[in-house]
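Before any comments, here is the structure.
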Amino acid sequence: MVEAVQGAKVVVTGAGGGIGAALARRFAAHGARVVVNDLDADGAKAVAEEIGGIALPGDAATTVDEARDALGGTVDIYCANAGVGCDGADIGRPLDERAWSLSWDVNVMAHVRAAHALLPGWLERGSGRFVSTVSAAGLLTMIGAAAYSVTKHGAYAFAEWLSLTYRHRGLKVHAICPQGVRTGMLDASGSAGDLVLRPTAIEPDDVADALFRGIEEDRFLILPHPEVAEYYRARAADPERWLGGMNRIQQQWEATR
């Protein structure tokens, strides 16, 4: 058991399947009381019943107050896991401002709203844990996914800002940055995902494993694919070389379309 999780009151958004469901199951297995949130009401209810948690269907952006009430007035750990891909929101196609707006709202602003609601209580008591499911796209980028890449960079930057601003006041922050994970979002990523992500894709349970190791080690950056650390270093050390390599992958993808 991870001591920091035993008895904790936890909220996981986007937990009706995929990574969110794996996180909810893992927190429950470690003795936490879990609120399972998802727009998919049936998925949320099924996972909650499986783990003895509380189903809270609906928009992740509006869950904090309801979840806090359902947990008896306190949230100890908040997992901002819900996300959208919006692969139709890419440059080179007609501009879909609604898709860009949705990506920004779900992938970034839902995190901001949750933190805004939770921080006063956490800072007053001197403890709290914010888990942000970002993506390796938030450290690097992803071909064929402009809105996703941009907003995941934003999600990572916000998690980083929370950590550097409030860690001395008891806030723990974890940013999970996997590459491909075998979920519905990977299936929806199309040929770009098949080329870049699927060959090294892992299971949602592997992401939960990585997070819990990170909690035990008190680490901010969680890399379920360890090789992402080397890619991140290479990107920072030699941006021109890294961009050239990514452009070659872009050209390879274009040749198959």
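The values are calculated or read from the model by the stated rules, or taken from the named source; none is laboratory data. Because the structure is predicted, anything quoted here is derived from the model rather than measured. Note: ideal-geometry Cβ built from the backbone for every residue, glycine included; neighbour counts use all protein chains shown.
What do you reckon, is Gly20 touching a residue at least 60 places away in the same chain (Cβ under 8 Å), in a helix (DSSP H, G or I), closer than 18 Å to Gly83 by Cα and out of contact with any Phe, Trp or Tyr (no Cβ under 9 Å at 6 or more places or on another chain)? Walk me through it before giving the result.
Details: touching a residue at least 60 places away in the same chain (Cβ under 8 Å): yes; in a helix (DSSP H, G or I): yes; closer than 18 Å to Gly83 by Cα: yes; out of contact with any Phe, Trp or Tyr (no Cβ under 9 Å at 6 or more places or on another chain): yes.
Yes; evaluated as a whole, the condition is true for this residue.
Has segment 156-169 got at least one residue that is modelled with pLDDT of 95 or more, closer than 21 Å to Ala60 by Cβ and β-branched (Val, Ile, Thr)?
Among the residues of segment 156-169, not one is modelled with pLDDT of 95 or more, closer than 21 Å to Ala60 by Cβ and β-branched (Val, Ile, Thr), which makes the answer no.
Name the helices (runs of 4 or more DSSP H) wholly inside segment 194-257 in which the number of residues that are closer than 20 Å to Ile19 by Cβ is 2 or more.
Numbers: elements: 204-217, 227-237, 239-256.
In segment 194-257, 204-217, 227-237 are the helices (runs of 4 or more DSSP H) which contain 2 or more residues that are closer than 20 Å to Ile19 by Cβ.
Scan segment 230-249 and tell me whether some residue there is β-branched (Val, Ile, Thr), within 18 Å of Leu139 (Cα to Cα), surrounded by 18 or more Cβ atoms within 10 Å (Cβ to Cβ) and touching a residue at least 12 places away in the same chain (Cβ under 8 Å). Even if it seems obvious, please write down each step before you answer.
First pass over segment 230-249, keeping only residues β-branched (Val, Ile, Thr): 249.
Checking the rest, the ones that are also within 18 Å of Leu139 (Cα to Cα) come to 249.
Among the residues that remain, those that are also surrounded by 18 or more Cβ atoms within 10 Å (Cβ to Cβ) are: none.
No, every residue in segment 230-249 fails to be β-branched (Val, Ile, Thr), within 18 Å of Leu139 (Cα to Cα), surrounded by 18 or more Cβ atoms within 10 Å (Cβ to Cβ) and touching a residue at least 12 places away in the same chain (Cβ under 8 Å).
Within segment 80-120, track down each residue that is modelled with pLDDT of 85 or more, more than 20 Å from Ala67 (Cβ to Cβ) and of a type in the set (D, E, K, R).
Glu97, Arg98
Scan Asp194, Asp187, Asp205 and give me the residue that is modelled with pLDDT of 95 or more and acidic (Asp, Glu).
Only one candidate qualifies: Asp205.
Tell me which residues, restricted to segment 26-38, are outside any loop (DSSP other than H, G, I, E, B) and surrounded by fewer than 21 Cβ atoms within 10 Å (Cβ to Cβ). Break it down stepwise before answering.
Step one: filter segment 26-38 for residues outside any loop (DSSP other than H, G, I, E, B), giving 26-29, 33-38.
Ala29, Arg33 - these are the residues of segment 26-38 that are outside any loop (DSSP other than H, G, I, E, B) and surrounded by fewer than 21 Cβ atoms within 10 Å (Cβ to Cβ).
Please find, among Val173, Val196, Val207, Val181, the residue that is farther than 22 Å from Val106 by Cα, crowded, with 20+ Cβ neighbours inside 10 Å and in contact (Cβ under 8 Å) with a residue 40 or more places away in the chain. Before you say what the answer is, go through the steps one by one.
Numbers: Val173 fails: farther than 22 Å from Val106 by Cα; Val207 fails: farther than 22 Å from Val106 by Cα; Val181 fails: farther than 22 Å from Val106 by Cα.
Unique residue meeting the criteria: Val196.
Of everything in segment 91-142, what is without any contact (Cβ under 8 Å) to a residue 12 or more places away in the chain and not polar (S, T, N, Q)? Give them in sequence order.
First, the residues of segment 91-142 that are without any contact (Cβ under 8 Å) to a residue 12 or more places away in the chain: 92-98, 101, 116, 120, 124.
Scanning segment 91-142 gives Gly92, Arg93, Pro94, Leu95, Asp96, Glu97, Arg98, His116, Pro120, Glu124.
Exactly one condition in (1) at pLDDT 95 or above; (2) over 23 Å from Leu56 (Cβ atoms); (3) crowded, with 23+ Cβ neighbours inside 10 Å; (4) of a type outside the set (Lys, Arg) is false for Gly126; which is it?
(3)
Which ones in segment 143-155 are free of Cβ contacts under 8 Å to residues at least 60 places away in the same chain, surrounded by fewer than 23 Cβ atoms within 10 Å (Cβ to Cβ) and touching a helix residue (DSSP H, G or I) at 6+ places or on another chain (Cβ under 7 Å)?
Result: Ser149, His153, Gly154.
So how many residues does segment 47-70 have that are out of contact with any helix residue (DSSP H, G or I) (no Cβ under 9 Å at 6 or more places or on another chain) and either surrounded by 15 or more Cβ atoms within 10 Å (Cβ to Cβ) or of a type in the set (Ser, Thr, Tyr) (or both)? Steps first, answer last, please.
In the first step, residues of segment 47-70 are kept if they are out of contact with any helix residue (DSSP H, G or I) (no Cβ under 9 Å at 6 or more places or on another chain); the result is 49, 66-67, 69-70.
Narrowing the set further to residues that are either surrounded by 15 or more Cβ atoms within 10 Å (Cβ to Cβ) or of a type in the set (Ser, Thr, Tyr) (or both) leaves 66-67, 70.
Qualifying residue count, segment 47-70: 3.
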